[in-house]
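See below for the structure under consideration.
The values are calculated or read from the model by the stated rules, or taken from the named source; none is laboratory data. Note that the structure is a prediction, hence the values are computed from the model and not measured. All Cβ positions, even for glycine, are placed from backbone atoms using ideal geometry, and neighbour counts span all protein chains on display.
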Amino acid sequence: MDTLYIIIYSYILGSIPFGLIYSNILGYGDIRKIGSGNIGATNALRTGSKTLAILTLLSDALKGSVAVFITLKYFSEYAYLSALLVYLGHIFPIWLFFKGGKGIATFIGIILILSPISFLIFITSWIVVLKLFKISSLSALISFVILITFSFFLNELKETFFYFFFFVFSIYTHRENIHRLIKGNEK
């Protein structure tokens, strides 16, 4: 029965489309009709509103943190399951016909709770790569490679595989960005 509770609250928390909610509240309309059509923070920034982007980023990270925090507190042996479900809920939200965000902010919220050291490695890598190349998708993908490399040497193998799953899924969610990167026209 515990597993069912975890599945429900983790997926539902992940499915909350904060980018869409905030874009409507702040008067930008349906964020899915702006820029890339994605509901995440990077596309929210394309509206020109830093407020919308920051609210979306923080809220998407918070839902990852809250789901994992609750699970660690009451059902600690299922923390990884909760992390996967909140992440998948963000990417495949039922309310948006399973078309959600790319999951980076939610992942950041997850690892903030599960492994603060991994959080620091990922976020530092992301910021440095973003400053160098000015491309958010490239920053995320390279940060995963750096995190997995560090994790291989610092953590148990299961944690490295856990991050590898998110990396593979991130390749899937960023597939259009990767095509643009290869062609040299990613913004």
- Query: When you look at Ile142, is it in a helix (DSSP H, G or I) and buried (at least 19 other Cβ atoms within 10 Å of the Cβ), yes or no?
  - Reply: no
- Query: at negative phi and part of a loop (DSSP other than H, G, I, E, B): does that describe Thr51?
  - Reply: no
- Message: Yes or no: the stretch 136-154 includes at least one residue that is free of Cβ contacts under 8 Å to residues at least 60 places away in the same chain, out of contact with any helix residue (DSSP H, G or I) (no Cβ under 8 Å at 6 or more places or on another chain) and over 20 Å from Ser10 (Cα atoms).
- Response: yes
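Each row is one residue, and each column tells you yes or no for (1) assigned by TED's automatic domain parsing to the domain that holds Arg175; (2) among the hydrophobic types (A, V, I, L, M, F, W, C); (3) modelled with pLDDT of 95 or more; (4) farther than 19 Å from Tyr172 by Cα.
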position: Lys33; (1), (2), (3), (4): no, no, no, yes
position: Gly40; (1), (2), (3), (4): no, no, no, no
position: Leu45; (1), (2), (3), (4): no, yes, no, yes
position: Ala61; (1), (2), (3), (4): no, yes, yes, yes
position: Ala79; (1), (2), (3), (4): no, yes, yes, yes
position: Ser82; (1), (2), (3), (4): no, no, yes, yes
- Query: Looking at Leu132, Leu55, Leu120, which one is without any contact (Cβ under 8 Å) to a residue 40 or more places away in the chain, under 22 Å from Arg32 (Cα atoms) and not acidic (Asp, Glu)?
  - Reply: Leu55
- Here are some residues: Ser170, Ser136. Which one is modelled with pLDDT of 95 or more and surrounded by 18 or more Cβ atoms within 10 Å (Cβ to Cβ)? Ser170
- Note on the structure: Of (1) without any contact (Cβ under 8 Å) to a residue 40 or more places away in the chain; (2) in a helix (DSSP H, G or I); (3) of a type outside the set (A, V, I, L, M), Tyr28 fails just (2)
- Query: On the given criteria, is Lys50 farther than 20 Å from Ser36 by Cα, surrounded by fewer than 24 Cβ atoms within 10 Å (Cβ to Cβ) and assigned by TED's automatic domain parsing to the domain that holds Tyr22?
  - Reply: no
- Task: Would you be able to say whether some residue in the stretch 96-112 is among the aromatic types (Phe, Trp, Tyr), at pLDDT 95 or above and touching a Gly at 6+ places or on another chain (Cβ under 8 Å)?
- Result: yes
